[in-house]
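Student: One structure, as C-alpha cells, below. Some questions next.
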Amino acid sequence: VIGAPGESIGGITSAGIIHAIYGGTGGIGNNDAFYQGEGGWPGVPESGDGFGSAVAAGDFNGDGFDDLIVGSPGESVNGLENAGIITISYGTANGLETAEILHQDTNWVAGVAHADDRFGSALAVGDIDADGFADVVIGAPDDNYRPSSYYCRVRGASACGNVGAVNILYGTANGLNAAGDQFFNQNSSGIAELAQVGDEF
C-alpha cells in the first residue's frame with residue numbers, strides 16, 4: 001500500500017489517495033486506488049486532509065487477513081482544523097472492506113481532539129501484548145496538553161500547548177476497540193523527560 005497524501009482529487013489540493021497493489025503467484029498484480037468518499041471509504045476529500053500521510057498494516061482481528069490503517073493528519077474533527085483522523089479498513093478474501101473512521105473525539109479513544117493535534121501523522125503496528133492480535137500506535141505530534149490554568153501559570157508558556165502524544169489501540173477478535181486503550185505524552189507516569197511545546201513527541 002502506497003500513500004500519496006499530496007494528491008489532488010477533482011481539483012481539491014492535497015486531499016490524498018492510496019494505492020493498494022496486490023500480490024499473486026505472478027508477482028505484483030491489480031492496483032486499486034482509494035480516496036475518501038470513493039468505493040465505500042468514509043469521509044469527503046478536502047484540501048489539506050493528507051489522506052495517506054501514514055499507512056500501516058496488521059491483522060487486528062486475527063482472521064488471517066491483514067487490515068489497513070491510513071492516517072489523515074490534516075482532517076478536521078468537529079470543526080477543529082488539522083485535528084486528524086485514522087481510517088481502518090479490514091482485509092477479506094476480496095481485498096479491503098468495511099472501512100471506519102476513528103479520532104480522539106471517538107467516545108472510546110483516549111485523549112481529546114484539538115485543532116492542530118495532527119493525530120494519525122505516524123503509525124506503527126505490532127502485537128504489543130502478545131495476545132495474537134496486532135495493535136497500533138498512533139502518533140499525534142502536536143497533541144495539545146493543557147491540564148489546568150494553574151499548571152500552565154506555574155510551569156510557564158513552554159509547558160502547555162502542542163507537545164505531542166501517542167495513542168495505543170489494541171486488537172481483538174472484533175478488531176480494534178476500547179479494551180486497554182492507552183494514551184501517553186512526556187508527562188505520563190513512567191515516560192522520561194517533561195513535555196514542552198514543540199517537542200513533537
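Student: Report the GluC sites (Glu not before Pro) located in the stretch 1-79 that are in a DSSP loop and have at most 16 other Cβ atoms inside 10 Å of their Cβ, or state none.
Tutor: Loop-located and lightly packed - 38.
Student: Name the residue, out of 158, 14, 47, whose mean-square fluctuation peaks in a Gaussian network model built on the chain with Cα pairs under 10 Å.
Tutor: 158
Student: Working from the pairwise distances between different alpha carbons, so that the mean of 1/r is found and then inverted, what is the stretch 99-146's Kirkwood radius in Å?
Tutor: Over the stretch 99-146, the inverse of the mean reciprocal pair distance is 12.0 Å.
Student: To continue, here is another question. Between 147, 42, 73, where does the largest GNM mean-square fluctuation fall for the chain, given springs only between Cα atoms within less than 10 Å?
Tutor: Comparing 147, 42, 73 in a Gaussian network model of the chain, the most mobile one is 147.
Student: Can you tell me what percent of all Cα-Cα pairs in the chain are more than 24 Å apart?
Tutor: 42 percent
Student: Could you work out the helix-only [θ] at 222 nm for the chain, with each DSSP H run of four or more residues adding -39,500 (n - 2.57) and the total divided by the number of residues, to the nearest 500 deg cm²/dmol?
Tutor: Value at 222 nm, helices only, nearest 500: -1000 deg cm²/dmol.
Student: Once amide H atoms are built 1.01 Å from N in the peptide plane, which residues 5 or more positions from residue 54, or in another chain, come under 5 Å H to H?
Tutor: Amide H to amide H, under 5 Å and 5 or more residues apart or across chains, residue 54 pairs with 71.
Student: Can you tell me how much longer the chain between residue 78 and residue 191 gets when fully stretched, taken as 0.36 nm per residue apart minus their C-alpha distance, in nm with one decimal?
Tutor: 37.6 nm
Student: Provide the per residue accessible area, probe 1.4 Å, for the chain, rounded to a whole number of square angstrom.
Tutor: Roughly 46 Å² per residue, with all protein chains present.
Student: Rg over Rh of the stretch 83-167, using C-alpha atoms and the Kirkwood radius, what does it come to?
Tutor: 1.10
Student: Figure the gain on full extension for residue 153 and residue 112 (residue separation times 0.36 nm, minus the Cα-Cα span) and round it to one decimal in nm.
Tutor: 12.6 nm
Student: Give the carbon-plus-sulfur fraction of the accessible surface of the chain in %, rounded to a whole number; probe 1.4 Å, heavy atoms of protein chains only.
Tutor: Result for the chain: 50 percent of the exposed heavy-atom area is carbon or sulfur.
Student: So what's the projected area for the stretch 1-116, the Cα convex hull averaged over all directions, in nm²?
Tutor: About 7.6 nm², averaged over all directions.
Student: What is the calculated FRET efficiency for residue 146 to residue 66, with r their C-beta to C-beta distance and R₀ = 35 Å, to the nearest 0.05?
Tutor: After rounding to 0.05, the efficiency reads 0.40.
Student: Taking 1 over the mean of 1/r across every pair of different Cα atoms in the stretch 35-99, what Kirkwood radius in Å do you get?
Tutor: 12.3 Å
Student: Find which of 126, 98, 141 sits farthest along the positive direction of the dipole of the stretch 68-164, computed with +1 on the beta-carbon of Lys and Arg, -1 on that of Asp and Glu, about the Cα centre.
Tutor: Working it through, the farthest residue towards the positive pole turns out to be 141.
The values are calculated or read from the model by the stated rules, or taken from the named source; none is laboratory data. Since the structure is predicted, the reported quantities are computational estimates derived from the model, not experimental observations. FYI the Cβ positions are ideal-geometry reconstructions off the backbone, even for glycines, and counts take in every protein chain you see. Surface areas here come from the heavy atoms of the whole protein model, side chains and all, with no ligands, DNA or RNA. Shrake-Rupley method; radii C 1.70, N 1.55, O 1.52, S 1.80 Å.
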